[in-house]
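Undergrad: First, the structure itself, so that you have it in front of you.
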Amino acid sequence: MKKVGIISDTHSYWDEKYLHYFEPCDEIWHAGDIGSTEVAERLAEFRPLRAVYGNCDGGDLRLMFTERLRWKCEDVDVLMKHIGGYPGNYDPSIRSQLYASPPRLFISGHSHILKVQYDKTLGLLHINPGASGIQGWHKERTLVRLTIDGSDFKDCEVITLGGR
């Protein structure tokens, strides 16, 4: 069983609440637009970090992370990419990969819109944790915690960090 903290769109903003809410987590997954190596390093010092770079991330972060990341967590095939869209409207940059070889869990960021949605067509869970930074048009800063137990998803929690 693995408990993960899912975050996106920090845009260089640091909030000590990240560590508070990720305390019970085994890993942190960042879905891009990290903004600074300092944010990535602070998260990685606290818990093992898996991350992808986003469209706003510069050269240093693009050297540290890849655009797409696919791995196995417990018995779940996970795919993460910053710009991904959502069920019924996946981004063209990832759509063919999703349809050719759907993961069980697809994580994206970019839109700053929190979404936890099951895609019946592809049989996958899509999570966009919203934005946890202060840059952008979103009104509330959010992140997600999820437990993966074998092939099961449990205890999905949406956490509101406050306004931006």
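The values are calculated or read from the model by the stated rules, or taken from the named source; none is laboratory data. Given the structure is predicted, the values throughout are model-derived calculations rather than measurements. Virtual Cβ from ideal backbone geometry, glycine too; neighbours counted across all protein chains shown. Ligands, DNA and RNA are stripped out before the accessible areas are found, and what is left, the full protein with its side chains, is counted by its heavy atoms. Shrake-Rupley method; radii C 1.70, N 1.55, O 1.52, S 1.80 Å.
Undergrad: For the full complex of protein chains and a 1.4 angstrom probe, list MET64, MET1, MET80 by accessible area with the highest value first.
TA: So, going from the largest accessible area down, we get MET1, MET64, MET80.
Undergrad: Kindly provide the pair-distance distribution of the chain built from C-alpha pairs, with 10 Å bins from 0 and whole-percent values in order of increasing distance.
TA: 11, 45, 37, 8
Undergrad: Another question, then. Rounded to whole Å and ordered largest first, report the semi-axes of the equivalent ellipsoid of the range 80-161 derived from its Cα gyration tensor (root of 5λ).
TA: 22, 17, 9
Undergrad: Given the whole protein assembly as supplied and a 1.4 Å probe, what does the accessible area of HIS20 come to in Å², nearest 10?
TA: Rounded to the nearest 10, that gives 120 Å².
Undergrad: Quick one: of the DSSP bridges fully inside the chain, what percent are antiparallel, nearest 5? Kindly include the intermediate steps, with their values, before the conclusion.
TA: Values: 28 of 42 bridges.
So the antiparallel bridges amount to about 65 percent of the total.
Undergrad: Please check which bits of the range 104-143 a label hung off ARG68 would reach, taking the label as a point 7 Å along Cα-to-C-beta and the cut-off as backbone N under 16 Å.
TA: Residues passing the 16 Å test: 104-109.
Undergrad: Given the rule -39500 (n - 2.57) for each run of at least 4 DSSP H residues, summed and divided by the residues of the chain, what is its mean residue ellipticity at 222 nm, to the nearest 500 deg cm²/dmol?
TA: It lands at -5000 deg cm²/dmol.
Undergrad: If Lys and Arg each add +1 and Asp and Glu each add -1, what is the summed charge of the other residues whose beta carbon sits under 11 Å from the beta carbon of GLU157?
TA: +2
Undergrad: Below 13 angstrom from the Cβ of GLY85, what's the summed charge of the other residues (Lys, Arg +1; Asp, Glu -1)? Intermediate values should be presented prior to the final figure.
TA: Values: positive: LYS81, ARG95, LYS115; negative: ASP91, ASP119.
Summing Lys and Arg as +1 and Asp and Glu as -1 gives +1.
Undergrad: How much of the accessible area of the range 88-162, probe 1.4 Å, is carbon plus sulfur, in whole percent?
TA: Result for the range 88-162: 50 percent of the exposed heavy-atom area is carbon or sulfur.
Undergrad: Before anything else, pin down the relative contact order of the chain: Cα pairs under 8 Å, at least 6 apart, normalised by residue count, whole percent.
TA: Normalised by residue count, the contact order of the chain is 24 percent.
Undergrad: I would also like to ask the following. Can you compute 3J(HN,Hα) from phi for each residue in the range 63-75, using the Karplus curve 6.51 cos²θ - 1.76 cosθ + 1.60 with θ = phi - 60°, rounded to whole Hz and x for Gly and Pro?
TA: 7, 7, 10, 9, 6, 10, 9, 10, 7, 10, 10, 6, 9
Undergrad: So what is the accessible area of the chain per residue, in Å², with the probe set to 1.4 Å? List each step's numbers first, then the result.
TA: Working: 7380 Å² over 164 residues.
I get 45 Å² per residue for this part.
Undergrad: Distance between the C-alpha centers of the range 1-47 and the range 132-162? Whole Å please.
TA: Their Cα centres are 11 Å away from one another.
Undergrad: Also: Between ARG42 and TYR118, what is the label-point separation in nm under the 7 Å Cα-to-beta-carbon projection?
TA: Label-label distance for TYR118 and ARG42, simple model: 3.7 nm.
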